[in-house]
Amino acid sequence: MKKNTIKLTRKIQVNVDLPKGEERQAAIKKLYQYQNRCYRAANMIVSHLYVQEMLSDFFYLTDGIRAKLADHKKTENGILNRSRKNTTYRVVVDAFKGEVPTDILACLNQNLSNSFHHYKDEYWRGQRSVPNFRNDMPFPFSMDVFKDFVYDAYNERFSFKLFHIPFYTYLGSDYTDKSQLLYRVLHGKLKLCSSHLQLKNGKTYWLAVFEMEKEKHSLKPAKVAEASLSLAHPIVVKVGNSKLHIGNKEEFLHRRLAIQAAAQRAKSAVTYTKSSKGKKRKLKAMNRFKEKELRYVRSRLHLYSRRLIDFCVQHQAGTLMLMNQESKIKLAKEEEFVLRNWSYYDLITKIKYKAQKAGIELIVG
C-alpha cells in the first residue's frame, strides 16, 4: 500500500540564543564535540555492519564462527550475545559514553542500519562503496530532545531548545516555503520528524524534516507522459498529442559556459591578486564564480523539473516515463564535455522528488 505522506527536508540557518561570552562559546564547543564524535561513530558503525554482512566470505574461519549472526539466546547456532542491531549501538555507546548524548547515537545507529540494509545487495555485487563520513557531517536527533518550539513575534523568528541549548532561526529574506512550514508545525498542522544539525564554515544549520500529505490531483495512472532528457533540450515531454520543450541549449549551456569562462579568467589572475590574508584572499573571486555556477544550475534544474511535473498534472498523467536514458548515460561518460555540463543526475533527483510529492509514478527506462 502506497503512503499518502512524503518527507521534505529544508536547510535552515540557526544561531545559539545566548549572549556573547564564555557561556555561548561553551555551548558551541559542545556542539562541535557532538559532531566530531558522531562522525567517528558513523564510520565505526558502517565498518562493523560491513564486516558482519561479509562474514560468510571469511572462508578461513571455522564453521562455528561463521554459524549465524543472531542472538544465541533466541536462535540456534547464533554467535552474538545480543540482537544484531544492538551490537553496533553498544559499540559506539561504549566508545563515546558521556561525550555525546545517547539520543544522537541511537538515531545515528538506526539511520545507518536502515541505509546499509537497503543497499546491501549493491555492496555485495560491488556496485556501491561503503560510505566514508567526514568530520562536518550533520548529526541526527529525535523529537524527544526538541523542546519549547515557539514564535518570537517581537524579533520575528522561531526559537527552540535542543540538548538544553537555546536556538533561534535566521531566515533572512526568505522567498521559499521555510517560514510557512514552521508556522504549520507550530499550529499542529504539520509533523516535524527526526532531523539533523550541522556546523559548517562557522555557521549552524538545522536540516529540518517535515512529514506532509502528498498533493491531491485528479490523475489517471493509465495516462502516460513520455519525457526525454538531453543537452540540446534539457527536457522534452509528450502526453498524447501535446508536446512541450522545456528549456534549450542556448539558455542553459551558454550561460553556464559563460560563468565557467569568467571563473577561468579569475583563476588566471590569481597570481596578481593581493594576498593580505593568504590563500583565502587570493582565491576569493574564483570561488565566487564556482558558487555562482552551482546556484545557477540548481535554479534552472528546479525550474525545469517543476514545469515538467506541472505539465503532467495539467494533462492528468499519473505515470511519467523517462525514455532511452541508459544509452544517453553511456554517451555522456564517453564525452567529457557532456559529462561536465549535463547535470543529468541532479535533474533526475529533482524530478523524482517532485513526482513523488505530486503522486506521479516515475519510471526510468
**Report entry** Filter result for residue 181 (in contact with a Lys or Arg (Cβ under 7 Å, 6 or more places away or on another chain), open to solvent by less than 30 Å² (accessible area, probe 1.4 Å) and either within 30 Å of residue 113 (Cα to Cα) or among the charged types (D, E, K, R) (or both))
**Finding:** yes
Requested in this report: Inspect region 170-181 for any residue being within 13 Å of residue 10 (Cβ to Cβ) and assigned to a strand (DSSP E or B) and give the result as yes or no.
Outcome: no
Requested in this report: Could you please find all residues in region 221-235 being under 21 Å from residue 305 (Cβ atoms), open to solvent by 30 Å² or more (accessible area, probe 1.4 Å) and touching a strand residue (DSSP E or B) at 6+ places or on another chain (Cβ under 9 Å)?
Outcome: 221, 223, 224, 226, 228, 230, 233
Report task. Kindly indicate whether any position in region 308-320 is open to solvent by less than 60 Å² (accessible area, probe 1.4 Å), modelled with pLDDT of 80 or more, within 23 Å of the chain's Cα centre (by Cα) and not hydroxyl-bearing (Ser, Thr, Tyr). Result -> yes
Query raised in the report: Among 218, 242, which is the only one that is of a type in the set (S, T, N, Q), surrounded by fewer than 16 Cβ atoms within 10 Å (Cβ to Cβ) and over 28 Å from residue 300 (Cβ atoms)?
Result: 218
Query raised in the report: So which residues in region 322-347 are at pLDDT 80 or above and surrounded by fewer than 18 Cβ atoms within 10 Å (Cβ to Cβ), if there are any at all?
Result: 346
Query raised in the report: Does residue 261 satisfy the criteria of being at pLDDT 80 or above, part of a helix (DSSP H, G or I), among the aliphatic types (A, V, I, L, M) and farther than 28 Å from residue 323 by Cβ?
Result: yes
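The values are calculated or read from the model by the stated rules, or taken from the named source; none is laboratory data. All of these numbers come straight from a predicted model, not from anything done at the bench. Counting neighbours? That spans all protein chains shown, and the Cβs are built from the backbone with ideal geometry, glycine included. These area figures cover heavy atoms from the full protein model, side chains too; ligands, DNA and RNA do not enter into them. Shrake-Rupley method; radii C 1.70, N 1.55, O 1.52, S 1.80 Å.
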